[in-house]
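Trainee: One structure is given below, represented as structure tokens, and several questions about it will come after.
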Amino acid sequence: MTRRTAPRAALLAAGELLAWWAVLALLWLVLISTVDTLERVVGAGCAAVGAVLARTGRRAVSWQ
């Protein structure tokens, strides 16, 4: 990885994590009927963990 591609790769990774987090957080909010502050925090945390696991799994499958 060269100096020019390192920032781009980091931005792509951050964008992918943000996209996964947004989808999983919205799914969490849809599946829970009444949402209070604790459920939002737990949902955001679970979505973040899920996003990291989804990205790791996708990279493991596509890595040769």
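Trainee: Go through (1) among the hydroxyl-bearing types (Ser, Thr, Tyr); (2) modelled with pLDDT under 85; (3) assigned to a helix (DSSP H, G or I) and name the single condition residue 56 misses.
Mentor: (2)
Trainee: Is it the case that some residue within the stretch 37-56 is exposed (fewer than 12 other Cβ atoms within 10 Å of the Cβ) and in contact with a helix residue (DSSP H, G or I) (Cβ under 7 Å, 6 or more places away or on another chain)?
Mentor: Scanning the stretch 37-56 turns up no residue that is exposed (fewer than 12 other Cβ atoms within 10 Å of the Cβ) and in contact with a helix residue (DSSP H, G or I) (Cβ under 7 Å, 6 or more places away or on another chain).
The values are calculated or read from the model by the stated rules, or taken from the named source; none is laboratory data. Given the structure is predicted, the values throughout are model-derived calculations rather than measurements. Glycine also receives a Cβ, built like all others from the backbone with ideal geometry; neighbour counts cover every protein chain displayed.
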